[in-house]
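A short write-up of the structure that comes next.
Computed from the coordinates by the stated procedures, all read-outs in this text should not be read as laboratory data. Since this is a predicted model, take the numbers as computed values, not measurements. We place every Cβ from the backbone using ideal geometry, glycine too, and count neighbours over all the protein chains shown.
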Amino acid sequence: MMNKISSHNFSFCLAACLSVFAQPQGVAEVKMGEKKQKEFLTVPPFECAWHEELRFSEAGRGCVAFEAFAHNDVTLVFREQVGSQHYHYKMDTCPNYTVILGSHRNRRLKIEVDGKAVVDVAGIGLCNSSAFQSYWISIYDGLISIGKGRHPSQDLVFQWRDSKPNCNIQYVGLSSWDKHVGYRNVSVLPVTQHQSFPRCHIDCKGHEGEDNEDVGDTVVARHGECGLQIFFESWELSDVFFIVGDGEKVIPAHRVILAASGKFSFSTTDECFIHLPSVTYPVLHSCLEYIYTGRTRIAEPELSSLRDLSVQFQISPLTKHCEEIIDRFKMNKKLFDSGKRVELMYSDPWVQHCGIFPSELPLDVQKLQHFFLNGDHSDVSIYIDGHGFIARAHKIILSIWSAPFSKMFTNGMLESKTSEISLSDVPAEAFLLLLQFMYSGKLEIEDETRMGALLVPLLILADQFGIRSLHRECCNCFLEYLSEDSVCPILRAISSIPSCKFLEEACVRNFSRHFDYCTTASAEFVLLEEGIFRNILQHPDLTVTSEEKILDAILMWSMQAHDIYSWETIDKLLISSKPHLFKDRLPLVESLLPLVRFPLMPSVILKKLEESFISSELPVLDLLVKEAIKYREFGVTISGSNQNARFQHRRSSFKELQYICDGDNNGVIYYAGTSYGEHEWVNPVLAKRISLTASSPVSRYTDPKALVSRTYQGTSFSGPRTENGRSCAWWVVDVGQEHQLMCNYYTLRQDGSTAYVRSWALQGSLDMQNWTDLRVHENDQTICKPGQFSSWPVHGPSALLPFRFFRLIMTGPTADASNPWNLCICFIELYGYFR
């Protein structure tokens, strides 16, 4: 579970927290107190912060840049008027846009229009609960752009265009969902032309004239790959040529690109040339520029000629844009002033990832995929050593995406002169997926069972060939499937890829938060590189049930163990092998041991360590143990300072709630009834610390508060229901939104009936949707008399997984044929490690 943003109860009043002042160039910034970097506004759940100065200078057009600190659901609302403090976008009946970063427990990005979701995508624009993260959101006539970083228009991660834009929205609200969200350094800025990517723009610069061959501005590639822009009017890889005007000027182009953008006639007798004697060069230039870059500029008098040319070649988006602007000129005669130049920009009206070929250009993706599958217009056949022929492709498409391919085909190498290339040390199945991505801009793995096997080689190929967009998609897939079981294989796979640092950090954080499970479910973690393992041990979110677990993990990693061992077992192994047990990692074990917080260990354990053989063989360990003993006995350290991290409790440590005996006061439900140790016990259901849900409606004998009342109930049951065609009965315990439990023991008490439960399971969940079995009972005869207490341990790796919800569910009938599906218990208690 992520840490809380703040333990302080900040006032919601925006005026008390923020001071608003005008910045030059129309920029308004909201400063959080005098110390801008340290103080911030906390928005409580289901509320929204508004201020008159948090508004766009021009309705429907503006950008808000900010930093946020949250578990999930960083929510910004854009509406026509200021809302109230207790405003919430789910209840709003007025027009609005709502952008939610980190929705669905920080897994997805959502955009809503008037309360209806129009975008819901995974792995984009997620929140950060360990530090403030910079974001920006711009809106320009319904085009919503979202990015990360301090500088708007940079690090663009997502874009969506509203087909029916609300051009009246002006005010910005800082909101939340079910958790507090911290905001700071909030700035409202005007949107510039290059930040907004408007559909068309009228430029007032002077007309440069038809004879200027350098028509239009130099276009810079907008994404990490080479981009189609660099091949605009380039002789490199060209295979078709336009001959225009009376002077028969020759303009190079690329057959597959033209065929995907419209309908060009390639004659059989003169298939390399397209003759356009009545078309001027500036008009053709603008047409090709629009195809290759997605934008162009042309003098207004030539707009009709450009429209006619687009109609001739059936370039539908360009035709539509030209007609829209011609209609605008007809309606507004002032736009006919001399010297005007018109800018047209292509934009897909549907949801799109920014800068991904081919969706950013007026190309038909289905046509491109058809050309790839059938080899139409192909100019290169690809072979893989050990596999043979893999596909027919197009050098221009490969070069658009990959700088290595571009260099291979254009710098005079052998591959640039041949129609065949052979690749070695390349996995065929993953490379075919890479090619499919190049033609569609989407990563599609139809067989989900092959996802894990293909993502790693695909990520390596994306890094090898410099395909950043595919690299990002692979990382997003890894994040989507990241779990305690997959974190070690992922870390091992990406450790050698420098460009995967963000994914590596996410994996390290996940491993740290589930340290006990990841180091006891299997010994695969011993294969991690030293730097990654050290980062895990030093991570601020490291969560452990005891410092012994860290000591065990360090020793196992140092000896590269094949099985799970405790330090006591390793101590015995060391007697026979001595330091050779650690082999070449002996110096590393001595540098890692100081990361264990020995002073937090019980005195009994420290005494055992002091007398162990391993302490005598490892001087560093012996010194640390003696220091910890002295600290526990006298409260001082050898260095004389208690400020060292070894003497501080971990921020995310669990509290151990250990089972002693049936009906004791050591369980989590009793602990919650004391407000977690703050006062005398009260019923935790009445105190709203714990909630319980039954499979049947609440009644006199199905009473959640009675189940935790610690008073014997003669009749207490949860009634039957049918789920997925099967009978069952259950109780669900919710330990609280901000809490989790690693359950290692539980207790039940039979009510006064003889409907003894025989087959059931204890399960855990984080979301009430996906359940993990903690312990399964089949024909268990333990409970055999009314009012009986019974307790069971939870063994194995599942006991080290933290959950919020726990379900006791019957999977078979009881011993009483008259009440076969009534779960007749009057008490339940859970034990383990709680936070």
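Worth a mention:
- Modelled label reach - Ser495, point 7 Å along Cα→Cβ, segment 522-546 residues with backbone N closer than 18 Å: 522-539
- Modelled FRET efficiency - R0 56 Å, Asp308 with Phe46, Cβ distances, 0.05 increments: 0.50
- Around the amide H of His275, modelled in the peptide plane, lie the amide H atoms of Ile243, all under 5 Å away and 5 or more residues distant in sequence or on another chain.
- Counted residue by residue at 0.36 nm each, then reduced by the alpha carbon distance between them, the extension gain from Glu236 to Ser759 reaches 181.0 nm.
- Length gained on full extension, Asp364 to Thr674: 105.1 nm, using 0.36 nm per residue less the C-alpha separation.
- Coupling constants for segment 279-295 follow from the phi torsions by the Karplus curve (6.51 cos²θ - 1.76 cosθ + 1.60, θ = phi - 60°), and in residue order they are 9, 7, 4, x, 5, 5, 4, 5, 5, 5, 4, 5, 5, 7, 10, x, 7 Hz; glycine and proline get x.
- 5 angstrom amide H check on Arg775, placed H, neighbours 5+ away: Leu762
- Pairwise Cα separations in segment 50-188 fall into 5 Å bins from 0 onward with the following percentages, short to long: 2, 11, 22, 27, 24, 12, 3, 0.
- Convex hull volume per residue in cubic angstrom - Cα atoms of segment 544-647: 94
- Exposure proxy ranking for Trp401, Trp771, based on other Cβ atoms within 10 angstrom of each Cβ and starting from the fewest, stands as Trp771, Trp401.
- A Förster distance of 41 Å, applied to the separation of the beta-carbon atoms of Asp114 and Leu373, puts the FRET efficiency at 0.50.
- Entries of Lys148/Lys501; Lys407/Lys501; Lys395/Lys501; Lys417/Lys442; Lys110/Lys442; Lys572/Lys607 with Cα pairs more than 24 Å apart: Lys407/Lys501; Lys395/Lys501; Lys417/Lys442
- For the pair Ser577 and Ser616, the difference between a 0.36 nm per residue extended length and the Cα-Cα distance amounts to 12.7 nm.
- Principal axis analysis of the Cα atoms in segment 655-834 yields extents of 45, 33, 29 Å, listed in decreasing size.
- Spin-label proximity, Ser566 to segment 590-615 - amide N less than 20 Å from point 7 Å beyond Cα toward beta carbon: 596-615
- Built amide H within the under 5 Å cut-off of Val118, gap 5+: Ile111, Glu112, Val113
- Of Asp364, Asp584, Asp178, the sequence from fewest to most neighbouring Cβ atoms within 10 angstrom is Asp584, Asp178, Asp364.
- For segment 511-525, putting each phi into the Karplus relation 6.51 cos²θ - 1.76 cosθ + 1.60 with θ = phi - 60° gives couplings of 4, 4, 6, 10, 4, 4, 5, 5, 9, 10, 5, 7, 9, 5, 5 Hz, in residue order, rounded to whole numbers and with x for Gly and Pro.
- Gap separating the Cα centres of segment 579-623 and segment 414-459, nearest whole Å: 48
- Counting every other Cβ atom within 10 Å of each residue's Cβ, Ser424, Ser378 order from fewest to most as Ser424, Ser378.
- Both radii come from the Cα set of segment 365-481: Rg as radius of gyration, Rh as Kirkwood radius; their ratio Rg/Rh reads 0.95.
- Applied to segment 312-322, the Karplus parametrisation 6.51 cos²θ - 1.76 cosθ + 1.60 on θ = phi - 60° returns per-residue 3J(HN,Hα) values of 4, 9, 6, 8, 4, x, 5, 4, 4, 5, 4 Hz, with x for Gly and Pro.
- Computed over the Cα atoms of segment 454-545, the ratio of the radius of gyration to the Kirkwood radius (Rg/Rh) comes to 0.97.
- Modelled FRET efficiency - R0 51 Å, Gln788 with Glu590, Cβ distances, 0.05 increments: 0.45
- Sorting 803-811, 489-497, 414-422 by average packing, meaning the other beta carbons within 10 Å per residue, from highest down gives 803-811, 489-497, 414-422.
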